Amino acid sequence: MRAVILDMDGVLWRGNRPLAGLRKLFDTFERRSLPAVIATNNATIEPASVAARLKEEGVLFPPEKVVTSADAAAAHVARSFPAGVRVHVVGEEPLRAALTKAGCQIVSGADHPEAVIVGMDRRLDWEKLMQATLAIRAGAAFIGTNPDRTFPSERGIGPGNGAILAALEAATGTAPTVVGKPEPHLFLEAARRLAVEVSGCLVVGDRLETDILGGRRAGMPTALLLTGVTSREGLQASEIHPDVVLEDLPELSAWLSTLA
């Protein structure tokens, strides 16, 4: 193992609350000379805000080592469509910013977009769903940042972007192309930023159906933390199995310290 790819929500913090052992984990990375990237399905954040949040916990982490599903979606669109492609966005400002940076033109659903890009939107309303539905039914490509059906918060487990994708799929009869976890795109981009072969990257996450499955699809070893949405009962009932199961961040740090 030469590097670590970390999930964020449910691994480093839960809602606004950092999880115990966060700073010690990054101290362990530094002590063992293990480079790390944060790869998250959360398309509502800017990498700089993640770095700032870690700094508040005493951890210095470069924004360029944070890869979001918004970044993955923007890279996918840039590879799949001509420059200046017209896209309609359901999502928050970080997704729009990533798409603009990739050279996309953001237009309304009524302006005949070539693609509809859908990410988590905490101000979702019927009109946004209506515009996206009409554009997809008119032939626009349907691309989702991530399929997470739920989203962990300090208030509990709430609806995630997968719930929005499900509503649009039901309304259009069209399944989205998903670029975030559990597809391998996000992990492969993280490995490129680490300059490490995929077999040497350990994926650490709290979700079997996204973090662990996605890591396996990318050809990477995986570690499940029981600090997020997956319980031991859920693990036992699942057909998706990580290489190692750990209770929390202190146990992850201790385990990393035992490796040669």
Here the percent of antiparallel bridges among DSSP beta bridges lying wholly in the chain, to the nearest 5, is 15 percent
Kindly rank 125-136, 8-19 from highest to lowest mean number of other beta carbons found within 10 Å of each residue. 8-19, 125-136
Please state the relative contact order of the chain as a whole percent: Cα pairs under 8 Å, 6+ residues apart? 22 percent
May I have the count of lysine pairs in the chain with C-alpha atoms under 20 Å apart, counting pairs 8 or more residues apart or located on different chains? 5
In a GNM of the chain with a 10 Å cut-off on Cα contacts, which of VAL179, VAL107, VAL67 has the highest mean-square fluctuation? VAL107
Could you give the length gained by full extension between SER231 and LEU259, i.e. 0.36 nm per residue of separation minus their alpha carbon distance, to one decimal place? 7.5 nm
In degrees, nearest 10, the alpha-carbon axis of helix 185-194 is tilted away from the dominant principal axis of the alpha carbons of the chain by 50 degrees
Under the 0.36 nm per residue contour assumption, what length would be gained going from the current alpha-carbon distance of GLU56 and ASP27 to full extension? 9.0 nm
For THR210, the net charge from surrounding residues (Cβ-Cβ under 14 Å; K, R +1; D, E -1) works out to -2
Sum of -39500 (n - 2.57) over DSSP H runs of 4+, divided by residues of the chain (222 nm, nearest 500): -10500 deg cm²/dmol
If you average the sequence gap of Cα pairs under 8 Å that are 6 or more apart and divide by the length of the stretch 8-130, what percent do you get for the contact order? 22 percent
Quick one: of the DSSP bridges fully inside the stretch 70-178, what percent are antiparallel, nearest 5? 25 percent
For the stretch 70-178, averaging the sequence separation of alpha carbon pairs under 8 Å that lie six or more residues apart and dividing by its residue count, the contact order in percent is 23 percent
Ranked by GNM mean-square fluctuation in the chain (Cα springs under 10 Å), the top entry among PRO176, PRO221, PRO62 is PRO62
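Where a number appears in this text, it was derived from the coordinates with a stated rule and is not lab data. These numbers come from a predicted model, not from an experiment. Using ideal geometry, Cβ is built from the backbone for each residue, glycine included, and neighbour counts are taken over all protein chains shown.
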